[in-house]
1. Within segment 25-89, what whole-number % of the accessible surface is contributed by carbon and sulfur, with the 1.4 Å probe and all protein chains included in the calculation?
2. Along segment 2-14, what does the Karplus equation 6.51 cos²θ - 1.76 cosθ + 1.60 (θ = phi - 60°) give for ³J(HN,Hα), rounded to whole Hz, x for Gly and Pro?
3. Heavy-atom accessible area per residue, segment 4-83, 1.4 Å probe: how many Å²?
4. Amide H of G63: which non-local residues (sequence gap of 5 or more, or other chain) have their own amide H closer than 5 Å, using H built in the peptide plane?
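The values are calculated or read from the model by the stated rules, or taken from the named source; none is laboratory data. Just so we're clear, the structure is a prediction, and the values are computed from it rather than from any experiment. For accessibility, only protein heavy atoms count, side chains too; no ligands or nucleic acids. Shrake-Rupley method; radii C 1.70, N 1.55, O 1.52, S 1.80 Å.
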Amino acid sequence: MLRITATEEKPEEPKTNIAIMPLYVFTEEIFNALSETEPGKNGELQLTDAIQKLVTEGRTVIGVKLRTDELRLDMGTPETMVEALRLSLGYVDATATKESLRMDLDTPALSASEPKETIPLRKEL
């Protein structure tokens with residue numbers, strides 16, 4: 001786990017190679033921080049700015065570093081979000097099918113109907 005000490009929305013020159021991924025668990029404090037946050041980059045209300053507000057106020061913000069073999073899906077546009085959801089649902093369907101057939105889950109593959117490609121869930125060493 002990582003203690004978050006600073007956040008910035010899409011920096012021109014990132015200070016690290018660590019990114020915020022779109023899976024969050026917040027307390028109700030985030031809603032107060034959002035209501036007190038002014039529009040930021042591109043004139044949009046940025047969740048990143050509200051997270052930074054919590055950090056600045058001394059609140060504990062924790063991140064989890066993903067393993068290098070974990071799948072990352074871009075959800076930055078409606079098109080990539082739909083694709084990520086399609087791939088995720090394909091994985092759920094594939095897992096459910098494998099479990100019902102009692103197949104070996106040691107090397108699952110992520111696929112969906114008419115896939116553009118098959119994406120392994122774990123990087124082969």
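1. Of all accessible area on segment 25-89, carbon and sulfur atoms account for 58 percent.
2. The phi angles translate into 10, 8, 7, 10, 6, 9, 8, 6, 6, x, 5, 10, x Hz.
3. 78 Å²
4. Hits under the 5 Å cutoff: L2, R3, I4.
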